[in-house]
Amino acid sequence: MVLNEQSHLHECQAEVEQLREIGRLFYRRGWSVGTSSNYSVVLSHEPLELLITASGKDKGALGPGDFVRVDGKAQPVVEGQPKSSAETWLHVVAAAQQSDVGAVLHTHSVWGTLLSDHFGDDGGFWISGYEMLKGLEGVRTHEHRQWVPIYENTQDIPTLAEQVKDQFQAPDQAPFHGFLMRNHGLYTWGKDLFAARRHVEIFEFLFECVARKHQF
């Protein structure tokens with residue numbers, strides 16, 4: 001299905017406004033500065049379709065037209081719309097692997113960046129013992145141990161997307177709420193935009209705790 005440029009956002013104005021508000025919030029918190037980050041909402045699972053922020057936009061001042069509709073192959077479903085980020089594939093993979101994923105958020109924070117480099121050679125790190133862990137979907141106790149995978153930063157996004165897909169499908173996979181790209185940023189998701197935003201807030205709180213504990 002190919003829609004025309006004038007109507008491509010008419011059907012999802014509520015989602016557009018919610019993502020604009022997310023951008024303003026994350027900009028103020030210092031998690032999405034300098035046109036970094038990208039955010040998406042799942043419009044449909046069958047067939048898969050996402051609304052995602054356009055590439056190179058100031059997330060603190062997203063306009064009503066700064067969004068792109070893409071399909072399950074990360075391809076535009078609309079003629080004449082802005083270009084989406086190459087990292088659109090990562091949003092598509094997260095949405096495709098779990099039917100209850102309704103939104104995917106990607107941020108660039110100082111603490112997440114420092115931790116991704118410090119633990120990068122280990123492939124990730126554990127977080128445990130913090131009450132705020134219970135803000136992650138399905139976690140009921142502060143004794144929960146959360147593994148945060150770290151992937152090497154790369155321009156080969158399709159290959160990285162396959163690695164993330166393998167993580168989702170691993171038979172012994174522990175609760176998987178997000179991952180870091182080394183010296184890059186956080187990806188997390190949720191059943192809707194509110195849940196995904198909560199996961200960003202929880203991860204960022206935990207990242208700062210872990211980093212300060214290591215005296216970064």
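General observations
- Test: residue in the stretch 88-111 that is of a type in the set (F, W, Y), closer than 27 Å to S44 by Cβ and out of contact with any strand residue (DSSP E or B) (no Cβ under 7 Å at 6 or more places or on another chain): yes
- Scoring S109 on the criteria (1) within 19 Å of the chain's Cα centre (by Cα); (2) surrounded by fewer than 20 Cβ atoms within 10 Å (Cβ to Cβ); (3) among the polar types (S, T, N, Q) leaves a single failure, condition (2).
- Residues located in the stretch 153-182, provided they are surrounded by 14 or more Cβ atoms within 10 Å (Cβ to Cβ) and either under 21 Å from W111 (Cα atoms) or hydroxyl-bearing (S, T, Y) (or both): N153, F176, H177, G178, F179, L180, M181, R182
- Scanning the stretch 198-215 for residues that are assigned to a strand (DSSP E or B), of a type in the set (V, I, T) and modelled with pLDDT of 95 or more turns up nothing.
- In the stretch 127-134, the condition of being touching a residue at least 40 places away in the same chain (Cβ under 8 Å) and not in a helix (DSSP H, G or I) is met by at least one residue.
- For the stretch 112-136, a residue qualifies if it is surrounded by fewer than 17 Cβ atoms within 10 Å (Cβ to Cβ) and touching a Gly at 6+ places or on another chain (Cβ under 8 Å), but none of them does.
- The lone exception for Q163 - which of (1) under 16 Å from the mean Cα position of the chain (by Cα); (2) in a helix (DSSP H, G or I); (3) in contact (Cβ under 8 Å) with a residue 40 or more places away in the chain it fails: (3)
- Search result, residues across the stretch 70-91 that are surrounded by 21 or more Cβ atoms within 10 Å (Cβ to Cβ) and either assigned to a strand (DSSP E or B) or more than 14 Å from the chain's Cα centre (by Cα) (or both): V70, A74, S84
- Residues of the stretch 7-56 satisfying the condition of being assigned to a helix (DSSP H, G or I), farther than 20 Å from E79 by Cβ and among the β-branched types (V, I, T): I22
- Options R29, R69: the member that is among the basic types (K, R), over 22 Å from W89 (Cα atoms) and in contact with an Asp or Glu (Cβ under 9 Å, 6 or more places away or on another chain): R29
- Unmet requirement for N183, which otherwise passes all of (1) outside any helix (DSSP H, G or I); (2) closer than 18 Å to A94 by Cα; (3) out of contact with any strand residue (DSSP E or B) (no Cβ under 7 Å at 6 or more places or on another chain): (2)
- Between V68, V42, V78, the distinction of being aliphatic (A, V, I, L, M), touching a residue at least 24 places away in the same chain (Cβ under 8 Å) and farther than 30 Å from E208 by Cα belongs to V78 only.
- Conditions (1) under 27 Å from W111 (Cβ atoms); (2) aromatic (F, W, Y); (3) buried (at least 23 other Cβ atoms within 10 Å of the Cβ): number failed by F67: (1)
The values are calculated or read from the model by the stated rules, or taken from the named source; none is laboratory data. Keep in mind that this is a model prediction, so the values were computed, not measured. Counting neighbours? That spans all protein chains shown, and the Cβs are built from the backbone with ideal geometry, glycine included.
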